[in-house]
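Quick notes on the structure that follows.
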Amino acid sequence: MAVQVALHEKKRETWAPMIQFPKDFLWGAATAAYQVEGGNIHADWWRWEKKTGKENSGLACCHYDLYASDFALAKDLGHNAHRLSVEWSRIEPEEGKFSEEALKHYVDVILALKARRIEPVVTLHHFTNPAWLADSGGWENKKSVAAFLHYSEFMVRALAAYVRYWITVNEPTIYFSHAYILGVWPPQEKSLWKAWTIKNRLAEAHIKTYRLIHKIYKKLNIPKPSVSIAQHMQAFVPCTPSIKNRFATFLRHQWFNLGYIDMFVRHQALDFIGVNYYSRQLVELEKWGFRNLAADVCKNNHHPVEKNSLGWDIYPEGLSDLLLKLKKYNLPVMITENGVCVSDDSRRWEYIAGHLRQMHQAMEQGVPVTGYLYWSLLDNFEWDKGFAPRFGLIGMDYKTQQRTVRESAVKFSKVCKTGILEERSHQLLG
Ligand code: IFM
């Protein structure tokens, strides 16, 4: 993969570096079924929203009906890849009863991408479960893995001819920590023991699904697929260089960022590394202790940086550090999510450009990054935070379902179309 940095003269005395990405690079955006489709009435989240009185996902972006025009927008923006998820609860609304209609829908969705020469990256599990699974204990139930494999087999057989990239599980660490430790997502448990069970169950589900997908492709005589998870990774940075802070930083990186990756590499169940990167965590331990090691952060606004509208630190330099730490695996890396929610769209473009610069730096140092998928194509339903956070390249008016292509999307589209990030540097040389 040839990665080069060219220098070109802007004014006589001003040089602006031009960052150039490989020709075959995948550029695009990501979405998840439940966050954009609307009307996912058979999912555990649907029921939970009603029960808790949280903002309802409702019609979301009506993407279930409007996917073709949304993909047309993505195409206009120069995207050549798109990550989406398939909603298990639509495919299997009742245990063991598979919906041919929903299956046909997703085949049509993938064909709509292919017709536009947009490479699909398909996620099988993105936080939601069918309500019937939740009723039988969700992932606590041993049978969940077999049920997931059953559903995955159904999907993969139908889509194998068109799909090369598969994500089995999105952000497993975020899923079990929010649902089983913090108790802020369904089923709202706060049990380390249960979280541990779910962690292992999701690992088992990934490893078995990885093997299943490869087996199906082999049997159908289709070129090998590329299968991974989308792992949420953070830049863990010690607030002060005390032993406590450095030790906790090391542990969190090993465990939160790399725990699953190490395990799947050991099981030879990873073809690339899917990275979802958003933010920094400034590690500052109050005292030694299990919980402190896992969760204490700086509360004093030391080393302040800009924040997104959810209060997450914006820290592009963390991306190159992280990518360099993945080099040892000798596997391709895909940025399966990176994005920001802000009310001022010019900050979105700064965020994207800053992260692309850092990604490029890591590529120059030999990290084989193959794609960058911005989160998200559209503003969407941000789980327990509802519709307020605006992550989209395309803005949503939820009352009218009107889409507005943001300025940041247009700027990003120039990179997607040319593979070049133009820098406006006003450095004087001499
Ligand atoms: O919206 C989520 C997505 O579902 C998973 N990754 C992080 C995004 C922003 O919080």
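The values are calculated or read from the model by the stated rules, or taken from the named source; none is laboratory data. Here the structure is a predicted model, which means the values were calculated and not measured. Neighbour counts run over all protein chains shown; Cβ positions are idealised from the backbone, glycine included.
Among residues of the range 292-316 that are at pLDDT below 95 and crowded, with 17+ Cβ neighbours inside 10 Å, none has a beta-carbon under 9 Å from a residue that is of a type in the set (A, V, I, L, M) and part of a loop (DSSP other than H, G, I, E, B) at least six positions away or on a different chain. The listed residues are L319, L326, and the only one of them that is within 16 Å of the ligand (Cβ to nearest atom), buried (at least 18 other Cβ atoms within 10 Å of the Cβ) and of a type outside the set (F, W, Y) turns out to be L319.
To keep it simple, each residue is scored yes or no on (1) free of Cβ contacts under 8 Å to residues at least 40 places away in the same chain; (2) crowded, with 16+ Cβ neighbours inside 10 Å; (3) of a type in the set (S, T, Y).
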residue	(1), (2), (3)
A388	no, no, no
I394	no, yes, no
Q402	yes, no, no
S413	no, yes, yes
K417	no, no, no
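The residues of the range 181-218 that are in contact (Cβ under 8 Å) with a residue 40 or more places away in the chain, part of a loop (DSSP other than H, G, I, E, B) and in contact with a Phe, Trp or Tyr (Cβ under 6 Å, 6 or more places away or on another chain) amount to a single one, P186. Of all residues in the range 353-369, those that are on the phi < 0 side of the Ramachandran plot and acidic (D, E) have Cβ atoms under 9 Å from Cβ atoms of residues that are surrounded by fewer than 20 Cβ atoms within 10 Å (Cβ to Cβ) and assigned to a strand (DSSP E or B), 6 or more apart or on another chain, in E364/Q4; E364/V5.
Of a type in the set (K, R) and either more than 16 Å from the ligand (Cβ to nearest atom) or in contact with a helix residue (DSSP H, G or I) (Cβ under 9 Å, 6 or more places away or on another chain) (or both) - does that describe any residue in the range 279-286?
Of the residues in the range 279-286, the ones of a type in the set (K, R) are 280.
If we keep only those that are either more than 16 Å from the ligand (Cβ to nearest atom) or in contact with a helix residue (DSSP H, G or I) (Cβ under 9 Å, 6 or more places away or on another chain) (or both) as well, we get 280.
The answer is yes; a qualifying residue exists.
Inside the range 243-274, can you point out the residues that are of a type in the set (F, W, Y), in contact with a helix residue (DSSP H, G or I) (Cβ under 7 Å, 6 or more places away or on another chain) and within 26 Å of G289 (Cα to Cα)? If you could, list the steps in order and put the result at the bottom.
Narrowing the range 243-274 to residues of a type in the set (F, W, Y): 247, 250, 255-256, 260, 264, 272.
Next, from what is left, pick out any that are in contact with a helix residue (DSSP H, G or I) (Cβ under 7 Å, 6 or more places away or on another chain): 256, 260, 264.
Of everything in the range 243-274, those that are of a type in the set (F, W, Y), in contact with a helix residue (DSSP H, G or I) (Cβ under 7 Å, 6 or more places away or on another chain) and within 26 Å of G289 (Cα to Cα) turn out to be F256, Y260.
Residues that are surrounded by fewer than 14 Cβ atoms within 10 Å (Cβ to Cβ) and either farther than 21 Å from L324 by Cβ or charged (D, E, K, R) (or both) within the range 231-261 comprise S242, I243, listed in sequence order. Scanning the range 317-331 for residues that are over 16 Å from the mean Cα position of the chain (by Cα) and either without any contact (Cβ under 8 Å) to a residue 12 or more places away in the chain or closer than 22 Å to V121 by Cα (or both) yields L326, K328, Y329, N330, L331. Where helices (runs of 4 or more DSSP H) fall wholly inside the range 25-138, the ranges with 3 or more residues that are more than 16 Å from the ligand (Cβ to nearest atom) and of a type in the set (A, V, I, L, M) are 63-76, 100-115, 131-135. Among residues of the range 375-386 that are closer than 15 Å to G38 by Cβ, those with a beta-carbon under 6 Å from a residue that is in a helix (DSSP H, G or I) and near the ligand (Cβ under 7 Å from one of its atoms) at least six positions away or on a different chain give the pairs N380/Q35; F381/Q35. When the test is whether a residue is assigned to a loop (DSSP other than H, G, I, E, B) and under 19 Å from I335 (Cα atoms), Y277 does not pass it.
Kindly evaluate V367 against the criterion of being within 16 Å of the ligand (Cβ to nearest atom), part of a loop (DSSP other than H, G, I, E, B) and touching a helix residue (DSSP H, G or I) at 6+ places or on another chain (Cβ under 6 Å). Here the answer is no, as V367 does not meet what is asked. Of the residues examined, E337 is not one that is out of contact with any Asp or Glu (no Cβ under 8 Å at 6 or more places or on another chain), surrounded by fewer than 18 Cβ atoms within 10 Å (Cβ to Cβ), acidic (D, E) and in contact (Cβ under 8 Å) with a residue 12 or more places away in the chain. For R403, the conditions (1) outside any helix (DSSP H, G or I); (2) more than 16 Å from the ligand (Cβ to nearest atom); (3) more than 22 Å from G39 (Cα to Cα) are fulfilled apart from (3).
Given the options D397, D379, name the one that is touching a strand residue (DSSP E or B) at 6+ places or on another chain (Cβ under 8 Å), more than 14 Å from the ligand (Cβ to nearest atom) and within 26 Å of G53 (Cβ to Cβ). On inspection, the qualifying residue turns out to be D397. Considering the conditions (1) surrounded by fewer than 21 Cβ atoms within 10 Å (Cβ to Cβ); (2) touching a residue at least 24 places away in the same chain (Cβ under 8 Å); (3) within 16 Å of the ligand (Cβ to nearest atom); (4) not small (G, A, S), D345 is excluded by exactly one of them, (3).
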